[in-house]
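A.B. asks: So that we are looking at the same thing, I have put the structure below in C-alpha cells.
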Ligand SMILES: [Zn+2]
C-alpha cells in the first residue's frame, strides 16, 4: 500500500491511499505498515485522457499544408501524394509498427496522459501489459463518411454496443460539404447518445444544437484544425454541457502533446483552467464510458499525475510533471520522488527537454533499443536502480 499525504486534490489537502492498482481511500489517515510519500501540497490529479490520437503516427514530422484546405478530402489527397514522393515521409512510414506504437505511448505518458482513445484498429501491441499507457478497448469507430462510405459507417455504428462510444471523424473542413456531414450522419441514424464526432470544424450553431439534442459528444483537436483549415469549432456551449473532450490527433497535424493542446484551447477560449482540466479528465471519461477514470476517488484506477503546487494544468509543460503513475506504478517523474516510492521496481535517470527525470527502467530499456526516438527525451546510459 502506498499512501500520499498532503496531496492537493481539487483545492483540499488530503490523504490518498493506493492498493492493488486502485485508489483505496481518500481522506483516511495512513496506517502503520504503509509507505508514505509526502506531496507537501503538490497537486494530485487523475491521469489525463487523450480523447483522440492515432498511436502509430506520432514519429512522423508535422506536415506543413501546401495551402489552407476547405475540406479534409483535399488534405487526404495531399498526404497520399506526398507519401509516395517525399523521402523523409517514406522512411518514416517504413518504421516497424511496434516501434511506432511504443513512441506514440511515450509521447502521451510524458505529458501526463494515462488513457488514450486510439482511432484506428486496436493493434495487438496496444493491449500488451507493458504498453506505457492504457488504450480504450471498448469502442466502435469508423474513419469518416468520406473514407468508409455510408453502408460501412452504418454497419460500424450498428455493431457498436450502446454502452461503448462510437467515434467518427466528421465535419472536418470549413465548406458546406463538411457541414452537411453531420446531417448525413443524422439521416443515417448515426447520431446517437454514444456518438462522438471528432473535429466538427464546420459545425455552426444549428448543428451544435442538433448534436446536443442527440446527447452526442465532440472530440476537439484545435491545433490540428488550425493547422489544416485555419479555423476550429466554437465549443463554449457544448463544453458547458460536458459534451467536449480534447484530443491531440497525431503529430502529423496536431501539436506535440495534450499539454500543448490545452494551452491552445486556453488561448482560443475564455474557459477557466478548471473547465479545461475537466475536458481531459472527468468529461472525457464520461464521454468515453470509462467509469473508473478521470477522478480521484475510492475504486478508481490509480492512474495519477502530480503537478507542482498551485500550477494550473494549462500552464504545465511535460518537464514540469512531478510524477505519472499507471495502476499505482510510477513510470515517469522527478528523481526525488523515485527514491521515496514503492519498492520492487527499477528506474533510470533520463532527461526530458533538458531536465533530469526518472523513467521506469524496462520502459527506458525498450526505448533505447529503438531506431527511432522521441524528440526531447535523452536516455542516459546509467544502470537501473532499485527503489
Ligand atoms: Zn484523427
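A.B. asks: Would you mind calculating the relative contact order of the chain from Cα pairs under 8 angstrom and at least 6 residues apart, reporting the percent as a whole number?
C.D. replies: Once normalised by length, the contact order is 20 percent.
A.B. asks: May I pose another question? Restricting the calculation to Cα positions, tell me the Rg (one decimal) and the Dmax (whole number) of the chain in Å.
C.D. replies: 20.7, 65
A.B. asks: Please compute the length gained on full extension between residue 215 and residue 64, using 0.36 nm multiplied by the number of residues separating them and subtracting their Cα-Cα distance.
C.D. replies: Extra length from residue 215 to residue 64 when fully extended: 50.8 nm.
A.B. asks: Could you tell me which of rounded, prolate or oblate describes the range 10-51, using a ≥ b ≥ c as the square roots of the eigenvalues of the alpha-carbon gyration tensor, with rounded for a/c under 1.5 and, failing that, prolate when a/b is larger than b/c and oblate otherwise?
C.D. replies: Because a/c hits 1.5 or more and a/b fails to exceed b/c, the range 10-51 counts as oblate.
A.B. asks: So if each residue of separation counts as 0.36 nm, and I subtract the Cα-Cα distance between residue 78 and residue 292, what length gain in nm does that give?
C.D. replies: Full-extension gain reported as 73.0 nm.
A.B. asks: Next question. Report the relative contact order of the range 239-387, percent, no decimals, based on alpha-carbon pairs under 8 angstrom and at least 6 residues apart.
C.D. replies: 16 percent
A.B. asks: Determine the calculated [θ] at 222 nm for the chain from helices alone, applying -39500 (n - 2.57) to every DSSP H run no shorter than 4 residues and normalising by the residue count; nearest 500 deg cm²/dmol.
C.D. replies: -9000 deg cm²/dmol
A.B. asks: Another question about this same structure. Calculated FRET efficiency, residue 154 and residue 365, Cβ-Cβ r, R0 51 Å, to nearest 0.05?
C.D. replies: The pair residue 154/residue 365 has a calculated efficiency of 0.65.
A.B. asks: Taking the alpha-carbon centroid of each part, what is the distance from the range 160-202 to the range 272-298 in angstrom?
C.D. replies: When both Cα centres are located, 22 Å separates them.
A.B. asks: Rounded to the nearest 5, what is the percent of antiparallel bridges among the DSSP beta bridges in the chain?
C.D. replies: If I count the DSSP bridges inside the chain, around 60 percent turn out antiparallel.
A.B. asks: Quick one: of the DSSP bridges fully inside the range 1-143, what percent are antiparallel, nearest 5?
C.D. replies: Of the beta bridges lying entirely in the range 1-143, close to 50 percent run antiparallel.
Readers should treat all values here as calculations from the given coordinates under stated rules, not as data from a laboratory. All values reported here derive from a predicted model rather than from experimental measurement. A quick note on method: Cβ atoms are made from the backbone with ideal geometry, for glycine too, and the neighbour counts reach across all protein chains shown.
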